[in-house]
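One structure is given here, and the rest of the page talks about it.
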Amino acid sequence: MNLNRRLFLASTTAALALPKALVASPNVLRAEPVQGQILPGGENTTAMLGFNGSTPGPALRVRQGEELAVRFENRMGEGSSVHWHGIRLENAMDGVPGLTQDLVQPGADFDYRFRAPDAGTYWYHSHNRSWEQVAKGLFGPLIVEEANPPEVDHDITVMLDDWRIEQDGTLMGDFGARHDFAHAGRLGNYAKIMTSEVSVMQGARVRLRLINTATARVFPTRIEGLNGWVVALDGMPLAEPRALADVSLAPAQRMDVIGDVTGPIKFIFIAQSELYEMGSIAAEGQKVLAAKAIEALPAANATRPKDQPDHALSLKMEGGAMGGRHAGDDIWAFNGVSGMSDAPWATFNRGDTVAIDLVNDTSFPHGIHLHGHHFYEVSADGSLGDLRDTSLVERGETQKIATVFDNPGKWLLHCHMLGHQASGMKTWVEVL
Ligand code: C2O
Ligand code: CU
């Protein structure tokens, strides 16, 4: 579906402010029907799902190494669960019904409790019928603060999302449309950013935590009004800050940028033929520029893979419309198998170094996400690149990744285009 130009441009006036939680980090997340403000303020609200009365749900913040204890209360008419995307946590807390826990039934509760070992930008979202529950709004930001956070004037969460809505703001139905699943997924016709602050001082130093919460759309993104440096991807610090440039963020991917404000901060979606402004953060007044250079965040606490992997595997994405060879029982498959098998795709001993070729043999990009671990993207020459938890693999391309599987349990590995996941592109590994 193409972006509806009228609707899309209607979003350019102001960014949507994220709800401010009453307490810094609530210890209850109550999933329930909510009215979301997707259209500009003053226009119709949208019947959706959310947490604690809003979508997105409240921002959860915890210090690195501290424990997060959250009671999930399901007050909706359907089963659900919460997944803490990107966190290296205990398997039983990973929130995957059928693999790590039972579905949390309507009216029931589930206590999540885990330590957050790595500072960074994460998010939480429903992991049941996620192509529909996340599209309806069941997600929120999860920020793990460094022990000594870099000095900034504003620490701002920026969620990029799109929705498929009618002119009157009603979410269009048919979330499980097979035609969408077989193509790029349920792309919205209306997109914008949702930020935790709507204005900053010109000259201020800001940290932007971008999170792509869309269920299908890759956002090629340009940020204007900021002399910025990328300091982390998927929560994981870069060894050296990288000058901010246009970047494609796949569903579930994050990017932290630190920079000095030179004007209104504009978030531009680079569409094929045009640039669309998805919203902006106003710049007011004038502040003296910070003198301090922007430095790298403290290094991630990651075990380096061995040069010779214990296992070298290939994960081939297959199926879908337009030329991809159809494999498996459903629309999409990994290595000829659609969906979850009784036995894991692979079993590793704790501490094994594993190299995986993510081979995209389809006509669509896919964002492949591994639970419970981070992995290195490996360049063609074999050197270790960025640490991530979700890798964007363009059509026809292969992305090598390598990681040390050191977190015991049963871990999902799936496409984060949630309609692709729903129609076969998922599997799991077991770490003994
Ligand atoms: Cu963010 Cu299994 O997902
Ligand atoms: Cu996919």
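Derivation of every value follows stated rules applied to the coordinates shown; laboratory data play no part. Quantities reported herein were computed from a predicted structural model and do not represent experimental measurements. Note that we place each Cβ from the backbone using ideal geometry, even for glycine, and neighbour counts take in every protein chain shown.
Points worth noting:
- Cross-link partners of K266 among lysines (Cα-Cα below 21 Å; sequence separation of 8 or more within a chain): K192, K287
- Antiparallel content of DSSP bridges confined to the chain, in %, to 5: 75
- Rounded to two decimals, the Cα radius of gyration of the range 196-268 over 2.2 N^0.38 Å is 1.07.
- Only lysines eight or more places from K306 in sequence, or on another chain, were considered; those with a Cα closer than 29 Å are K316, K400, K410, K426.
- Within a Gaussian network of the chain (alpha carbon springs, distance under 10 Å), most fluctuating of G188, G372, G42: G42
- Considering only G320, G120, G169, the mean-square fluctuation computed in a Gaussian network model of the chain, springs between alpha carbons under 10 angstrom, is largest for G169.
- Both radii are taken from the alpha-carbon atoms of the chain; with Rh as the Kirkwood radius, Rg/Rh is 0.94.
- Of the trypsin sites (Lys or Arg not before Pro) found in the range 347-430, those in coil by DSSP whose Cβ has at most 13 other Cβ atoms within 10 Å are R350.
- Ordering Y376, Y276 from the fewest to the most neighbouring beta carbons within 10 Å gives Y276, Y376.
- Amide proton proximity set for M278, modelled H, under 5 Å, gap of 5+: F267, I268, F269
- The GNM of the chain, with springs linking C-alpha atoms under 10 angstrom apart, assigns the highest mean-square fluctuation among V134, V206, V247 to V247.
- The chain: calculated mean residue ellipticity at 222 nm from DSSP helix runs of at least 4, using -39500 (n - 2.57): -1000 deg cm²/dmol
- Taking the number of Cβ atoms within 10 Å of each Cβ as an exposure proxy, the fewest-first ranking of S273, S423, S248 is S273, S248, S423.
- Binned Cα-Cα distances of the range 311-431, short to long, each 5 Å bin given as a whole percent: 2, 12, 23, 26, 20, 12, 5, 1
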